[in-house]
Amino acid sequence: MADKSFQTPTSEQLCQWDIDHFWHAFTPMASYTPLVIDRAQGVWLYDTEGNRYLDGVSSMWCNLLGHRQSAVDAAIRDQLDRVAHSTSLGMANTPAVVLAKRLADLAPGDLQHVFYASDGSSAVEVALKMAYQYWQQCEKPQPQKTKYIALGQAYHGDTIGSASVGGIERFHALFKPLLFDVLRLPIPDPRRLPPETSIEEATQHFLAELEQVLIADHQQVAALVVEPLIQAAAGMVFHAPGYLRGVRELTDRYDVLLIADEIVTGFGRTGQMFACQHEQVTPDFLCLGKSITGGYLPLAATIASPNVYSAFLGPATNSFLHGHTYGGNPLAAVAALATLDLLQDQDVIENFNLRTEQLAAILKSLQNHPHVAETRQMGLIAAVELTSVAGEHQSYPIEVQIAAQVCKEMLHRGVWIRPLRDVLVIMPPLSITADELQLLGDVLLESIETVTQSEASVGSPT
Ligand SMILES: Cc1ncc(COP(=O)(O)O)c(C=O)c1O
């Protein structure tokens, strides 16, 4: 007999079991307060007590068009009447094939061979291993090409390979002995350079840094991996414009493959389907995840060029030696197909444009706040960076956890977002309404106000 308490647990039981048994990602479990989501609708998450929270970061940057989209729900239900899962090893399933064709049509340039995995880290891992294997067996093999170039403060996931190319001290330093060495370039963030540096000079400076590394080491380098335009986990740091274009030119010139990690920037959030398209760049690998299923089900894809793919043809020993059990899962694939349909809907595009303008106005008003150092925005991805000294750009001491405090304050007021060091990230579903976005903006301002005032009084000598 099934234990009834598992079928209809009370809210108290759920919270207790959550604390006792559920080990959460990137969460200090010693101070964790249970928050158990029971259902959702549109941009709203509802907990087991019936409280609702505006999902201001799209459930960790993946819920693209709001929760409970009827077309996506229906597509998954219909697929359940056919098959929930079949493998991608040596066979295909209908929705995964259609999705591969559709992604190939949407992807920049000639990218057209889709390899599925289940999460973003794996999509990057796939690209790294494909690049390595490519050089072992391409037409003119260069087996000494075993190194990677990656950027400072990069984040590409938490598996050993994807973490090796990551460069965020507080996430990656502990694991250093386990990770492989990479050639690391400083983050191409123009704010690192003297204030009088023009944008063009900044771009040239960062590209010159890259070219030096390429001149010295290109014969050992299999690939360069980059988050195009925006380094998300670094705190939504924007690259110097033109940098990506220059990276493509240099990697082509020095015979190095280019891996574009669009796990955050893909699927319209920046105003183009893929961020690479802002600079007319076609990488050798495009890594996709998160929003690909509208935030419904785990799916990721690495799309490779015909040149890369051709090196894996020929004898069976040339096959790509890698695979994930649930890669190309048909339920996830239909969710992705239904999401793509919605993403191309005129109303969605119009709402995106209007909300992007509205968000710009909200950010502009926040810039007047003395403890807001800077705001950044591209489409519906935005960051608000806090400063401890009014009018300057000065981090709060790490132990103050300033942005985490603001997020906590916001949660009390019914809006859920996550901090990145001193940065507050705003990345709502593209379907957010004008009123909901205004609410998010109001709560954000009130919460910054409350927290920075109380910190100022804690810090003051009187
Ligand atoms: C740019 C980027 N790449 C890869 C990943 C890893 O994706 P996942 O968490 O699905 O493994 C993330 C996650 O935030 C990311 O921001």
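One residue is enough: does region 298-313 have a residue meeting the conditions out of contact with any helix residue (DSSP H, G or I) (no Cβ under 8 Å at 6 or more places or on another chain) and part of a loop (DSSP other than H, G, I, E, B)?
Going through region 298-313, the residues out of contact with any helix residue (DSSP H, G or I) (no Cβ under 8 Å at 6 or more places or on another chain) turn out to be 305-307, 309-310, 313.
The next check asks that each one be part of a loop (DSSP other than H, G, I, E, B); those that pass are 305, 313.
Taking every residue of region 298-313 in turn, at least one turns out to be out of contact with any helix residue (DSSP H, G or I) (no Cβ under 8 Å at 6 or more places or on another chain) and part of a loop (DSSP other than H, G, I, E, B).
Check whether at least one residue in region 250-264 is more than 30 Å from LEU193 (Cα to Cα) and surrounded by 24 or more Cβ atoms within 10 Å (Cβ to Cβ), and report yes or no. Within region 250-264, not a single residue is more than 30 Å from LEU193 (Cα to Cα) and surrounded by 24 or more Cβ atoms within 10 Å (Cβ to Cβ). The helices (runs of 4 or more DSSP H) found wholly in region 45-116 and carrying at least 1 residues that are hydroxyl-bearing (Ser, Thr, Tyr) and on the phi > 0 side of the Ramachandran plot occupy 58-61. Residues that are within 11 Å of the ligand (Cβ to nearest atom) and of a type outside the set (S, T, N, Q) were ranked within region 159-181; the one that is surrounded by the fewest Cβ atoms within 10 Å (Cβ to Cβ) is PHE171. Counting only residues that are closer than 17 Å to ILE417 by Cα and either part of a helix (DSSP H, G or I) or not hydroxyl-bearing (Ser, Thr, Tyr) (or both), region 12-40 holds 9 of them. Set side by side, the residues ALA208, ALA232 differ, and just one is more than 16 Å from the ligand (Cβ to nearest atom) and either small (Gly, Ala, Ser) or at pLDDT below 95 (or both), which is ALA208. Just give me the residues in region 235-285 being assigned to a strand (DSSP E or B), in contact with a helix residue (DSSP H, G or I) (Cβ under 7 Å, 6 or more places away or on another chain) and of a type outside the set (Val, Ile, Thr), in sequence order. If the condition is that a residue be assigned to a strand (DSSP E or B), in contact with a helix residue (DSSP H, G or I) (Cβ under 7 Å, 6 or more places away or on another chain) and of a type outside the set (Val, Ile, Thr), then LEU257, LEU258, ALA260, ASP261, PHE285 are the ones that fit. Has region 93-115 got any residue that is within 16 Å of the ligand (Cβ to nearest atom), farther than 26 Å from GLU279 by Cα, touching a helix residue (DSSP H, G or I) at 6+ places or on another chain (Cβ under 9 Å) and touching a residue at least 24 places away in the same chain (Cβ under 8 Å)? No, because not a single residue in region 93-115 is within 16 Å of the ligand (Cβ to nearest atom), farther than 26 Å from GLU279 by Cα, touching a helix residue (DSSP H, G or I) at 6+ places or on another chain (Cβ under 9 Å) and touching a residue at least 24 places away in the same chain (Cβ under 8 Å). Answer with yes or no whether ALA71 is over 28 Å from LEU183 (Cα atoms), modelled with pLDDT of 95 or more and touching a helix residue (DSSP H, G or I) at 6+ places or on another chain (Cβ under 7 Å). So ALA71 fits the description; yes.
ALA332 meets the stated requirement of being within 16 Å of the ligand (Cβ to nearest atom) and touching a Ser or Thr at 6+ places or on another chain (Cβ under 9 Å). Which one of the conditions (1) of a type in the set (Lys, Arg); (2) in contact (Cβ under 8 Å) with a residue 24 or more places away in the chain; (3) farther than 30 Å from ASN318 by Cα does ARG77 fail to meet, given that it meets all the rest? Just one mismatch for ARG77, condition (2). A single member of LEU257, LEU299, LEU321 is under 22 Å from LEU64 (Cβ atoms) and in contact (Cβ under 8 Å) with a residue 60 or more places away in the chain, and it is LEU299. Taking each residue of region 227-241 that is under 13 Å from ALA382 (Cβ atoms) and looking for partners that are more than 9 Å from the ligand (Cβ to nearest atom) and part of a loop (DSSP other than H, G, I, E, B) with beta-carbon atoms closer than 7 Å, six or more apart or interchain, yields ILE230/MET236; GLY235/ARG421; VAL237/GLN153; VAL237/ILE187; VAL237/ASP189; PHE238/LEU229. On the basis of being more than 25 Å from ALA96 (Cβ to Cβ) and among the polar types (S, T, N, Q), does GLN133 make the cut? When the stated conditions are applied, GLN133 does not pass them.
One line per residue, one yes/no per condition, for (1) within 22 Å of PHE26 (Cβ to Cβ); (2) modelled with pLDDT of 95 or more:
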{"residue": "GLY379", "(1), (2)": "no, yes"}
{"residue": "GLU385", "(1), (2)": "yes, yes"}
{"residue": "GLU392", "(1), (2)": "no, no"}
{"residue": "GLN405", "(1), (2)": "yes, yes"}
{"residue": "TRP416", "(1), (2)": "yes, yes"}
{"residue": "ILE432", "(1), (2)": "no, yes"}
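The values are calculated or read from the model by the stated rules, or taken from the named source; none is laboratory data. Values in this document were obtained by computation on a predicted structure and should not be read as measured data. Counting neighbours? That spans all protein chains shown, and the Cβs are built from the backbone with ideal geometry, glycine included.
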